[in-house]
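The values are calculated or read from the model by the stated rules, or taken from the named source; none is laboratory data. Because the structure is a prediction, the values reported are computed rather than measured. No Cβ is skipped: glycine too gets one built from the backbone with ideal geometry, and neighbour counts run over all protein chains shown. Heavy atoms of the whole protein, side chains included, go into the accessibility calculation; ligands, DNA and RNA do not. Shrake-Rupley method; radii C 1.70, N 1.55, O 1.52, S 1.80 Å.
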Amino acid sequence: MATTDLRRFRIVGAGPTGALLALGLARQGHSVDLIDALPRQALLDRSRAYAMTHSSRRLLQRLELWSDLSPELTPFTALRLDDRATHQTAWFTLNDLNDANRKAEAIGWILDHRPLMRLLLDHLEQSPRVALRFGVADNAPFASPASVSGEWMIAADGPRSSLRERSGVLYWSHRYQQGCLTAKVRLRGAEPFTAYELFRPEGPMAVLPLGEDRYQVVWSAPISLCRDRAGSNSMELLSALTAILPEELSVTELLDRPGAFPLELSFAPRLDRHRLLLVGESGHRCHPVGGQGLNLCWRDVSDLLDLTQQLRNGVLTSRALPRRYTRRRRLDLLGVLLATDLLIRFFSNRHLLLLPLRRLALVALAQLGWLRRLSLSAMTDGPGTLLRSLPE
Ligand SMILES: Cc1cc2nc3c(=O)[nH]c(=O)nc-3n(C[C@H](O)[C@H](O)[C@H](O)COP(=O)(O)OP(=O)(O)OC[C@H]3O[C@@H](n4cnc5c(N)ncnc54)[C@H](O)[C@@H]3O)c2cc1C
């Protein structure tokens with residue numbers, strides 16, 4: 001078997017998706033040019049925390065980054081799901097994980113953006129196969145396949161991808177009326193190692209542990225309300241938050257400047273065009289309910305790395321790779337996009353006809369272990385893995 005088919009990849013966008021993909025490709029022996037419009041410091045400076053699932057853990061372990069990140073990861077061993085309109089609650093615990101994931105002793109982890117990006121950029125800077133160009137926007141006209149022969153282009157430039165637009169890839173997008181407010185806060189009264197997902201008529205709210213009494217709040221609501229709340233003074237925001245949390249929780253301090261973001265459901269039916277591949281949010285975007293976003297992006301990375309490894313080993317041709325990539329990602333992407341959209345439609349209202357169904361859904365989740373295991377498996381490894389067994 002040939003093992004010398006090494007390629008050059010030009011990745012536009014050094015967010016968490018582009019940076020991790022660059023590292024994975026370099027580790028396989030490929031050459032990588034990684035370009036981002038932002039300077040290095042701005043790439044680190046995003047105030048955001050990610051909820052990581054087991055699919056992301058597996059990828060980080062495969063790239064030998066997991067143990068370096070461990071001190072920065074806050075595990076949660078319980079997930080409380082509340083429907084605030086029907087007053088029903090369901091708990092997910094470690095017992096609801098499937099066997100392959102139970103050994104990791106967490107349902108998921110919360111990871112801050114900054115230590116993640118610092119680790120990725122440090123490794124990239126040390127790699128002889130990676131050339132970094134930060135503070136330079138890529139706005140060149142999309143090159144024809146002939147003029148880039150031998151080189152692969154990767155659009156990892158996020159939801160507003162200009163590379164995707166320049167290349168003419170079909171893209172479908174629906175803007176939600178909901179937006180989301182993110183804030184880091186101190187919280188009193190929370191159960192230790194517990195994450196909360198609260199369904200409220202105006203939109204879901206996630207409360208994610210960051211260690212000790214610090215939490216990240218991701219609060220969905222009509223976008224105008226999010227903007228008003230983000231602009232309100234901190235005392236008003238703290239009391240508004242405390243008023244809607246379960247009664248044993250209270251917010252004692254705001255730790256950063258809240259941000260308000262529009263939300264959308266977006267999807268490129270094909271993730272390839274000639275030698276261009278869309279990876280991460282340049283190819284899809286979903287509602288943050290259930291913290292799926294970055295995990296979905298990293299499953300793009302994981303699947304693409306499987307294929308580039310096959311390319312390197314000579315068991316996949318360059319011609320077959322783009323279609324194979326699109327085909328391999330389709331079920332997972334459609335499943336997550338559809339599931340998050342349905343959750344929002346089902347729970348973000350007070351529709352009288354839906355309330356009994358919602359009550360039933362929560363009661364079933366609270367009482368039926370197999371249903372919790374099935375839902376957690378789909379959430380943590382993607383709906384595609386319901387049909388196949390997981391790697392150890
Ligand atoms: C409020 C909110 C909360 C979220 N919470 C979670 C969560 O809890 N868990 C989770 O998994 N996900 C979460 N997400 C989603 C997560 O932030 C995204 O999935 C993730 O940032 C996508 O990474 P990316 O690298 O694909 O894109 P981005 O992070 O958007 O990175 C794109 C990069 O491309 C660069 N770029 C753009 N255009 C150009 C150009 N022309 N030339 C060069 N560079 C360019 C940008 O500077 C940027 O650095 C959340 C998102 C939001 C909005």
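Odds and ends about this structure:
- Within segment 82-129, tally of residues that are open to solvent by 20 Å² or more (accessible area, probe 1.4 Å) and part of a strand (DSSP E or B): 5
- Summed over segment 17-42, the residues that are open to solvent by 10 Å² or more (accessible area, probe 1.4 Å), outside any loop (DSSP other than H, G, I, E, B) and of a type outside the set (Gly, Ala, Ser) give a count of 6.
- Meets criteria (within 11 Å of the ligand (Cβ to nearest atom), farther than 14 Å from LYS184 by Cβ, assigned to a helix (DSSP H, G or I) and not assigned by TED's automatic domain parsing to the domain that holds ARG114) for CYS297: no
- Of the residues in segment 64-78, at least one is at pLDDT 95 or above, assigned to a strand (DSSP E or B) and more than 13 Å from the ligand (Cβ to nearest atom).
- At least 3 residues being hydrophobic (A, V, I, L, M, F, W, C) and free of Cβ contacts under 8 Å to residues at least 60 places away in the same chain is the threshold, and among the strands (runs of 3 or more DSSP E) wholly inside segment 170-265 those reaching it are 214-222.
- Subset of segment 152-208 (residues that are away from the ligand (no atom under 13 Å from the Cβ), of a type in the set (Gly, Ala, Ser) and on the phi < 0 side of the Ramachandran plot): SER173, ALA190
- Per this entry, VAL336 is not counted among residues that are open to solvent by 20 Å² or more (accessible area, probe 1.4 Å) and either in the same structural domain as THR86 (by TED's automatic domain parsing) or among the hydrophobic types (A, V, I, L, M, F, W, C) (or both).
- GLY280 being near the ligand (Cβ under 7 Å from one of its atoms) and within 20 Å of GLN216 (Cα to Cα): no
- Scope segment 44-63; condition assigned to a helix (DSSP H, G or I), under 22 Å from SER302 (Cβ atoms) and either among the charged types (D, E, K, R) or in contact (Cβ under 8 Å) with a residue 60 or more places away in the chain (or both); matching residues: HIS54, SER55, SER56, ARG57, ARG58, LEU59, ARG62
- The set of residues in segment 307-329 that are more than 16 Å from the ligand (Cβ to nearest atom) and surrounded by 15 or more Cβ atoms within 10 Å (Cβ to Cβ) comprises LEU307, THR308, GLN309, GLN310, LEU311, ARG312, LEU316, LEU321, PRO322, ARG324, THR326, ARG328.
- Pair list, Cβ under 8 Å, 6 or more apart: segment 360-387 residue under 12 Å from ALA339 (Cβ atoms), other residue surrounded by 14 or more Cβ atoms within 10 Å (Cβ to Cβ) and among the β-branched types (Val, Ile, Thr): ALA378/THR385; MET379/THR53; GLY382/VAL336; PRO383/VAL336
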